[in-house]
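What follows is a single structure, written as structure tokens, with notes after it.
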Amino acid sequence: SAAAERYEYQAEVSRLMDLIVNSLYSNKEVFLRELISNASDALDKLRFLSVTEPGLLKEAVDFDIRIQADKDNGIISITDTGIGMTRQELVDCLGTIAQSGTAKFLKALKDSKDAGGDNNLIGQFGVGFYSAFLVSDRVVVSTKSPKSDKQYVWEGEANASSYTISEETDPEKLIPRGTRLTLYLKRDDKGFAHPERIEKLVKNYSQFVSFPIYTWQEKGYTKEVEVDEDTAEDKKDDQDDKTEKKKKTKTVVERYWDWELTNDTQPIWLRNPKEVTKEEYNEFYKKTFNEYLEPLASSHFTTEGEVEFRSILYVPAFAPSGKDDIINPKTKNIRLFVKRVFISDDFDGELFPRYLSFVKGVVDSNDLPLNVSREILQESRIVRIMRKRLVRKAFDMILGISMSENKEDYEKFWENFGKHLKLGCIEDRENHKRIAPLLRFFSSQSDEELISLDEYVENMKPDQKDIYYIAADSVTSAKNTPFLEKLAEKDLEVLFLVDPIDEVAIQNLKSYKEKNFVDISKEDLDLGDKNEEKEKEMKQEFGQTCDWIKKRLGDKVASVQISNRLSSSPCVLVSGKFGWSANMERLMKAQSM
Ligand code: ADP
Ligand code: MG
């Protein structure tokens with residue numbers, strides 16, 4: 001065979017392999033899930049690329065995954081007919097970490113160590129190709145890309161710092177297209193190479209892979225065979241009864257080996273929602289998005305009519321730790337399929353506005369072209385309609401959480417995604433009606449609890465026309481502001497806007513259920529208790545004092561006025577009717593620094 005070339009792993013890879021072997025020890029069986037998911041990705045990639053490059057399919061083989069276990073020798077092989085790898089891709093993909101799953105694993109491991117480490121979580125993350133070394137001493141990857149006319153063999157050993165690549169020369173091992181992984185199991189892990197064990201793992205881990213997975217199984221069928229060995233007794237019988245020669249038969253089991261379809265390839269979103277259990281939805285979520293927590297809610301629906309598509313959407317239980325996910329909404333959270341063919345998960349606001357980019361799910365459309373590009377997505381009328389429906393369903397789902405008996409769910413939701421909804425107040429005027437009921441705020445009468453605008457409205461006084469708010473940097477400072485005095489005296493509730501984005505969000509909403517939002521720190525606050533007679537008297541009595549104070553303060557204030565809005569404090573600084581509130585000024589200052 002041609003000489004193998006030796007390559008060093010990128011430093012991170014060696015470290016990763018070490019970590020995988022040491023920290024996933026108790027959850028070794030994930031290796032099969034990872035390798036099947038790579039095979040499935042490779043098939044997805046080929047199917048997708050072949051839409052525009054039909055030449056890639058010149059080898060007429062089915063799209064499938066085949067797993068064979070040799071229990072006598074402790075060898076497992078996993079073969080797919082996917083996109084395969086060129087020599088350069090072998091170096092790039094299996095010698096370096098540039099890819100999602102493995103990089104995510106390293107980060108998760110670091111985070112979990114930083115956080116004091118719950119190592120049980122680790123097993124749930126995508127650890128990628130290198131998980132093969134959890135159970136293998138040696139891994140051989142023989143692969144043929146339709147872009148290359150040669151088949152290459154990558155070979156690596158556990159605990160080694162290098163690997164080799166050579167050309168496949170053994171004619172017996174040539175494959176038309178795709179990749180065959182051969183795992184030479186460690187002595188203690190040879191038990192994985194049992195066909196029944198493989199079957200069980202495939203059923204457990206890969207029920208949502210949309211390509212057929214075949215496993216090599218021993219089968220049997222029964223047949224009747226004639227028995228021809230004549231016993232002495234038989235001979236005697238024969239002599240006794242010569243006219244009727246009796247034929248003797250017995251039943252035997254014929255053994256043979258064959259491929260058996262081991263998974264259910266019907267995608268879950270094509271099934272009837274009535275027949276899918278909550279557990280199945282949650283499993284699908286965890287496997288598709290590499291999540292380890294159950295989602296807070298899910299919604300499975302079909303739309304018909306103008307545009308037809310099916311979708312399952314989820315609200316995650318927590319926001320990714322990166323703080324910039326609102327600013328950078330390219331989350332890979334929505335997987336778009338066209339007629340069951342995976343098209344893309346790389347969206348930037350086409351299917352969901354960016355403030356809802358935390359919603360995860362799958363969308364399968366029959367109305368989009370298979371070779372749909374980003375440009376088409378951005379301009380398509382169909383996509384606009386889809387987006388509208390998806391957004392509506394997402395809001396229904398969130399509303400559902402807010403009405404759930406389990407109050408903690410919405411608290412969790414709000415903690416993680418409240419900011420996103422507030423951003424929605426600013427960016428999505430069209431959906432104000434859907435967003436507003438979902439908002440939560442502290443108030444002067446709510447103690448530690450957050451309240452909804454509905455709760456506020458319910459608690460309004462009979463003659464109260466407006467919804468009062470004050471923006472401050474904390475609940476404590478809001479509670480202590482002199483602006484509250486008069487309202488507290490009248491037992492009027494005031495919303496405390498303590499998150500920097502709150503005030504802008506509220507100003508964008510303008511009103512809720514026809515009640516205007518009114519900033520109690522603004523100069524024209526009208527609590528409906530004006531007494532013109534008294535005001536006139538006061539102005540006469542204190543007019544000169546005001547003039548004197550204005551003179552002393554000069555340009556520091558716009559004006560000095562008599563007010564009826566305080567009850568115990570002697571004076572208060574208010575913002576002009578058209579100016580920024582003090583809180584906004586603070587914010588603007590903070591931003592310009
Ligand atoms: P991830 O799947 O998250 O990208 P992996 O470590 O699982 O990370 O895989 C690394 C890369 O190796 C993949 O992105 C892919 O390019 C390549 N790869 C792995 N398995 C296969 C396969 N069966 N066929 C084609 N390419 C593969
Ligand atoms: Mg992978």
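The values are calculated or read from the model by the stated rules, or taken from the named source; none is laboratory data. Predicted, not measured: the structure shown is a model, and the values here were computed from it. Note that we place each Cβ from the backbone using ideal geometry, even for glycine, and neighbour counts take in every protein chain shown.
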> So residue 469 clears everything in (1) more than 42 Å from the chain's Cα centre (by Cα); (2) modelled with pLDDT of 90 or more; (3) of a type in the set (Ser, Thr, Tyr) except one condition, right? Which one?
Replying inline: (1)
> Of the residues in region 345-364, how many are surrounded by fewer than 21 Cβ atoms within 10 Å (Cβ to Cβ) and closer than 21 Å to residue 281 by Cα?
Replying inline: 1
>> Going by what's in this entry, would residue 410 be described as touching a Leu at 6+ places or on another chain (Cβ under 9 Å), more than 26 Å from residue 349 (Cα to Cα) and buried (at least 16 other Cβ atoms within 10 Å of the Cβ)?
In response: no
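Quick grid of which residues meet (1) near ligand 1 (Cβ under 8 Å from one of its atoms); (2) of a type in the set (A, V, I, L, M, F, W, C); (3) modelled with pLDDT of 65 or more; (4) within 22 Å of residue 4 (Cα to Cα):
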residue: 71; (1), (2), (3), (4): no, no, yes, no
residue: 80; (1), (2), (3), (4): yes, no, yes, no
residue: 84; (1), (2), (3), (4): yes, no, yes, yes
residue: 87; (1), (2), (3), (4): no, no, yes, yes
residue: 100; (1), (2), (3), (4): yes, no, no, no
residue: 110; (1), (2), (3), (4): no, no, yes, no
residue: 116; (1), (2), (3), (4): no, no, no, no
residue: 120; (1), (2), (3), (4): no, no, no, no
residue: 125; (1), (2), (3), (4): no, yes, no, no
>> Regarding region 366-385, can at least one residue be identified that is within 24 Å of residue 432 (Cβ to Cβ) and in contact (Cβ under 8 Å) with a residue 40 or more places away in the chain?
In response: yes
>> Restricting to region 40-55, name every residue that is away from ligand 1 (no atom under 15 Å from the Cβ) and part of a helix (DSSP H, G or I).
In response: 51, 52, 54, 55
> Out of all the residues in region 152-181, which are more than 10 Å from residue 140 (Cα to Cα), free of Cβ contacts under 8 Å to residues at least 60 places away in the same chain, among the charged types (D, E, K, R) and not in a loop (DSSP other than H, G, I, E, B)?
Replying inline: 172, 173
> Which strands (runs of 3 or more DSSP E) sit wholly inside region 233-343 and have at least 1 residues that are at pLDDT 90 or above and farther than 30 Å from residue 31 by Cβ?
Replying inline: 248-261, 297-303, 309-315
> Within region 166-189, is there a residue that is closer than 30 Å to residue 335 by Cβ, within 33 Å of the chain's Cα centre (by Cα) and at pLDDT below 90?
Replying inline: no
> Listed residues 79, 52, 96; which is within 16 Å of ligand 2 (Cβ to nearest atom), surrounded by fewer than 21 Cβ atoms within 10 Å (Cβ to Cβ) and among the hydroxyl-bearing types (Ser, Thr, Tyr)?
Replying inline: 96
> Taking into account only those residues within region 8-39 that are part of a helix (DSSP H, G or I) and of a type in the set (Asp, Glu), which is nearest to ligand 1 (Cβ to nearest atom)?
Replying inline: 34
> Is it the case that residue 92 is without any contact (Cβ under 8 Å) to a residue 12 or more places away in the chain, within 9 Å of ligand 1 (Cβ to nearest atom), part of a helix (DSSP H, G or I) and within 23 Å of residue 345 (Cβ to Cβ)?
Replying inline: yes
>> Would you confirm whether or not region 143-156 contains a residue that is within 17 Å of residue 185 (Cα to Cα), buried (at least 22 other Cβ atoms within 10 Å of the Cβ), within 15 Å of ligand 2 (Cβ to nearest atom) and at pLDDT 90 or above?
In response: no
> So, in region 56-68, of the ones that are more than 10 Å from ligand 1 (Cβ to nearest atom) and in a strand (DSSP E or B), which residue ends up nearest to residue 193 (Cα to Cα)?
Replying inline: 68
